[in-house]
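This report concerns only the one structure given below.
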Amino acid sequence: MPIAADDSRLARPFEAAATRYTDVPFQRAGASGVQLPKVSLGLWQNFGRDRSFDSQREIVLHAFDRGVVHIDLANNYGPPYGSAESTFGAVLDSGLARYRDELFVTTKAGYDMWPGPFGDGGSRKYLVRSLEQSLRRMKTDYVDVFYSHRVDPDTPIEETTTALADIVRSGKALYVGISNYPAPLAKRAYDLLAEQGVKLLLHQPRYSLFDRTPEAELFPLLRELAVGSAVFSTLAQGLLTRKYIDGDVPADSRAANSFFLNGSALTDGYLDRIRGIDRIAQEAGLSIPQLAIAWVLRDPVVTTAIIGASRTSQIDDAVAASQVSLSGDVITALDEFAAPVGGSVS
């Protein structure tokens, strides 16, 4: 019987670009042996079951071809929960697995994942079982970093950090990280892990021109401890683009569809800020997203900027931004429209 034209056996195996390490600069994470691309691909948005697998696979493979070898996930990314990890596992299974040792794959647990008291928080039960589920979904036997996604006020931090240390010793994660931890608790987590012989590799905070909160306490602490950072929401959930510059909310935009952002954010104050940033970007020969990414990367305490992507051109724009060194004049000009040092734009 003849093979159908669309038979998977006829598909060409994925062959990574030979030039994949020529574009994105890499930077060491704190005082570790780990070097990460200055931009990384986060699968928080656009990798659930509401998008086609072919488009998702294309984005991941294109990112890898451009040197964006760090892929960031969490157990509840989707929708629905777990589907982003399942998507990534399918991409691995469809040809990327041969490059697993070139990939730096991270995932997290801390927020709501399944019903009941063991599907949320920072308990040993939740963290260990969540990682085991994540590994099955991603079709890999380890992750490079496993994060505690948030502080759990109802679980002793000693329990959380001991679980993280044991996970490293089990080989299911090579390193540990924390996300959304304020500076005092980040220091406590660092100390507790160090007592168990485990190095805190990365902290993952929200950071952008519109949210400079980490500059007050967290970044000075990370510099002191020689811990790297992987910052997220670098485009402020799409506010740092030209998408809303006219004050409208396109039907297909994040502000129209996201739980985390809505049209109420498009205030007169925001429009004044984004139009001012746009003027500076144009004078610098950059798009607003490129300027925003280059800005967060201006300080070496930021190891990598995690970006989302719904199309491959956004990866190309971020790769170009990773190569930009902003002048002091541009950085100073942005201060008028950015959040205050150590603060955020409401």
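The values are calculated or read from the model by the stated rules, or taken from the named source; none is laboratory data. What you are looking at is a predicted structure, and each value in this text was computed from that prediction instead of being measured. We place every Cβ from the backbone using ideal geometry, glycine too, and count neighbours over all the protein chains shown. Note: accessible area is taken over every heavy atom of the protein model, side chains too, but ligands, DNA and RNA are not part of it. Shrake-Rupley method; radii C 1.70, N 1.55, O 1.52, S 1.80 Å.
How far is it, in nm, from the label point at Ser310 to the one at Asp335 when both lie 7 Å from their Cα along the line to the Cβ?
Going by the 7 Å Cα→Cβ label model, 3.6 nm.
Using a 7 Å offset from the Cα along the Cα-to-Cβ direction at both Tyr142 and Leu174, what is the distance between the two label points in nm, to one decimal?
About 0.7 nm separates the two model spin labels.
Would you please give the residues with an amide H less than 5 Å from that of Gln27, counting only those at least 5 places away or on a separate chain, with H modeled from the backbone geometry?
Leu36, Lys38
Rounded to a whole number, what % of the accessible area of the chain do carbon and sulfur atoms account for, probe 1.4 Å? Walk me through the numbers before you get to the answer.
Numbers: 7740 of 15250 Å².
The nonpolar share, carbon plus sulfur, comes to 51 percent.
Go ahead and set up a Gaussian network model of the chain, Cα springs under 10 Å, then flag whichever of Asp141, Asp65, Asp278 fluctuates most.
Answer for the Gaussian network model of the chain: Asp141.
Would you mind computing, in nm to one decimal, how far apart the modelled labels at Arg129 and Phe14 are, each placed 7 Å from Cα along Cα→Cβ?
Label-label distance for Arg129 and Phe14, simple model: 3.1 nm.
Treat the stretch 27-81 as a sphere of radius equal to its Kirkwood radius over Cα pairs and apply Stokes-Einstein at 10 °C in a medium of 1.306 mPa s; give the translational diffusion coefficient in µm²/s, rounded to a whole number. It would help to have the intermediate numbers written out before the result.
Working: Rh = 12.4 Å.
Estimated via Stokes-Einstein, D reaches 128 µm²/s.
What number comes out for the charge environment of Thr303, summing +1 per Lys or Arg and -1 per Asp or Glu over other residues with Cβ under 9 Å away? Mind dumping the intermediate values first?
Numbers: positive: Arg28, Lys38; negative: none.
After counting each charged neighbour, the total is +2.
Go ahead and run the numbers for FRET between Asp272 and Ser344, Cβ-Cβ distance against an R0 of 22 Å, rounding to 0.05.
Values: r = 16 Å, r/R0 = 0.74.
The pair Asp272/Ser344 has a calculated efficiency of 0.85.
Using the C-alpha atoms of the chain, what convex hull volume per residue, in cubic angstrom, is computed? Could the numbers behind the result be given before it?
On the way: hull volume 53.0 nm³, N = 346.
For the chain, the hull spanned by Cα atoms encloses 153 Å³ per residue.
Give me the mean projected area, in nm² to one decimal, of the convex hull enclosing the Cα positions of the stretch 111-151. It would help to have the intermediate numbers written out before the result.
On the way: hull surface 11.8 nm².
It is 2.9 nm².
Quick one: which residues, 5 or more positions from Tyr175 or on another chain, have an amide H under 5 Å from its amide H? H modelled 1.01 Å from N in the peptide plane, none for Pro or chain starts.
Residues meeting the amide H criterion: Val145, Phe146.
Give a residue-ordered list of calculated ³J(HN,Hα) values for the stretch 329-346 (Karplus: 6.51 cos²θ - 1.76 cosθ + 1.60, θ = phi - 60°; whole Hz; x for Gly, Pro).
Values, residue by residue: 5, 5, 4, 5, 4, 5, 4, 5, 10, 7, 5, x, 3, x, x, 9, 8, 8 Hz.
Using modelled backbone amide H atoms (1.01 Å from N, in-plane), which distant-in-sequence or interchain residues come within less than 5 Å of Gly78's amide H?
When sequence neighbours closer than 5 places are left aside, the close amide H contacts are Ala84.
List nothing, just return the count: lysine pairs in the chain, 8 or more apart or interchain, with Cα separation under 18 Å.
On the way: Lys108/Lys125; Lys108/Lys139; Lys108/Lys172; Lys108/Lys199; Lys125/Lys172; Lys139/Lys172; Lys172/Lys199; Lys187/Lys199.
Close lysine pairs found across the chain: 8.
Using alpha carbons only, how many angstrom separate the centre of the stretch 73-146 from the centre of the stretch 168-220?
19 Å
Would you please put 288-296, 237-245 in order of how densely packed they are, using the mean number of other Cβ atoms within 10 angstrom per residue and starting with the highest? Mind dumping the intermediate values first?
Details: 288-296: 23.9, 237-245: 19.9.
Peptide ranking by packing, descending: 288-296, 237-245.
For Leu192, what charge total do you get from the other residues with a beta carbon under 13 Å from its beta carbon, if Lys and Arg give +1 and Asp and Glu give -1?
Details: positive: Lys187, Arg188, Lys199; negative: Glu158, Glu159, Asp166, Asp191, Glu195.
Neighbour charge sum, excluding Leu192 itself: -2.
For the stretch 21-26, in order, what is each residue's ³J(HN,Hα) by Karplus, 6.51 cos²θ - 1.76 cosθ + 1.60 with θ = phi - 60°, in whole Hz (x at glycine and Pro)?
After applying 6.51 cos²θ - 1.76 cosθ + 1.60, I find 10, 9, 10, 8, x, 10 Hz.
Please turn the phi angles of the stretch 127-144 into ³J(HN,Hα) values with the Karplus equation 6.51 cos²θ - 1.76 cosθ + 1.60 (θ = phi - 60°), one per residue in order, whole Hz, x for glycine and proline.
Karplus values, whole Hz, x for Gly and Pro: 5, 5, 5, 4, 4, 4, 5, 4, 4, 5, 5, 8, 6, 9, 9, 7, 10, 7.
Quick one: accessible surface of Glu158, probe radius 1.4 Å, all protein chains present, in square angstrom to the nearest 10.
That residue has around 80 Å² of solvent-accessible surface.
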